[in-house]
Amino acid sequence: MQYPEEKLKQVLSRIFNVSLDMITGDASPDTIENWDSVRHMNLVLALEEEFDFEFTDDQVVEIIIYALIKIVLKEHGIEFVQ
């Protein structure tokens, strides 16, 4: 299924309480101060709910960079267009 990439950015923006322009390809705990372990789990739950799928335990640990989130979501058949 395809979604506008803006939808993914909006989820991260909402969870981390940052502006959309802070959600770039290299967005990570290193670039977003609010990205802590609790908000990371909130992100996992929000993404699963928004896109109707479940991460594996390994994927939950992997998705610590925006670009990796997109890759893992693609593994679940979820793709984003500009």
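Quick look at the numbers
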read-out: Fraction of accessible area attributable to carbon and sulfur, the chain (%, probe 1.4 Å); value: 49 percent
read-out: Three-way shape label, the chain, alpha-carbon gyration tensor, a/c 1.5; value: oblate
read-out: Inter-label distance for Asp57 and Lys74, nm, one decimal - labels placed 7 Å from Cα along Cα-to-Cβ; value: 2.7 nm
read-out: Whole-Å semi-axes of region 39-82's equivalent ellipsoid (Cα gyration tensor); value: 15, 12, 10
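The values are calculated or read from the model by the stated rules, or taken from the named source; none is laboratory data. These numbers come from a predicted model, not from an experiment. Counting neighbours? That spans all protein chains shown, and the Cβs are built from the backbone with ideal geometry, glycine included. Protein only, heavy atoms only, side chains kept; ligands, DNA and RNA dropped before computing areas. Shrake-Rupley method; radii C 1.70, N 1.55, O 1.52, S 1.80 Å.
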